[in-house]
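Structure first, commentary second.
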Ligand code: SF4
Ligand code: SF4
């Protein structure tokens, strides 16, 4: 995906939030000032967090609807055609 070149490795999209509770995915780790995923090649579909019995699964950032401050994917989402 060319979009992944835009990632700033801030790690914010690996934090799930529900009802005021935030949980960071246990696969996320900081190395040399950037955040990395310990299972990057096998991450999609794995459980990133469970909050109030809701399971959050790892997925592609471009499929997330949330706006994250400073994330280049925000603008990619804005130019996506509306889903039917
Ligand atoms: S929020 Fe955006 S910039 Fe930050 S790690 Fe996720 S995709 Fe990369
Ligand atoms: S598994 Fe997904 S949510 Fe967890 S650190 Fe890796 S990329 Fe982030």
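What follows draws every value from the coordinates through simple rules; no lab data is involved. Here the structure is a predicted model, which means the values were calculated and not measured. Because the Cβ atoms are built from the backbone with ideal geometry, glycine has one as well, and the counts that use them run over all protein chains shown.
Normalised by the number of residues in the stretch 32-73, the average gap of Cα pairs under 8 Å and 6 or more apart makes the relative contact order 26 percent. Figure legend: label point modelled 7 angstrom from the Cα of residue 75 along Cα→Cβ; residues of the stretch 1-45 with amide N under 20 Å from it are 1-13.
Alpha-carbon geometry of the chain: the Rg and the Dmax are 13.2, 42 Å, given in that order.
Label point of residue 40 set 7 angstrom out along Cα-Cβ; within the stretch 7-31, amide nitrogens under 15 Å from it belong to 7-12, 14, 27-31.
In deg cm²/dmol and to the nearest 500, what is the mean residue ellipticity at 222 nm of the chain if only DSSP H runs of at least 4 residues count, each as -39500 (n - 2.57), divided by the residue total? Walk me through the numbers before you get to the answer.
On the way: 1 runs with 7 residues, N = 84.
Result for the chain: -2000 deg cm²/dmol, rounded to the nearest 500.
Spin-label pair residue 6-residue 31: with each label point 7 Å from Cα along the Cα-Cβ axis, the two points sit 2.5 nm from one another.
Relative contact order for the chain: what percent, with Cα pairs under 8 Å and sequence separation of 6 or more? Each step should come with its number before you reach the end.
On the way: 92 pairs, mean separation 21.3, N = 84.
Relative contact order, the chain: 25 percent.
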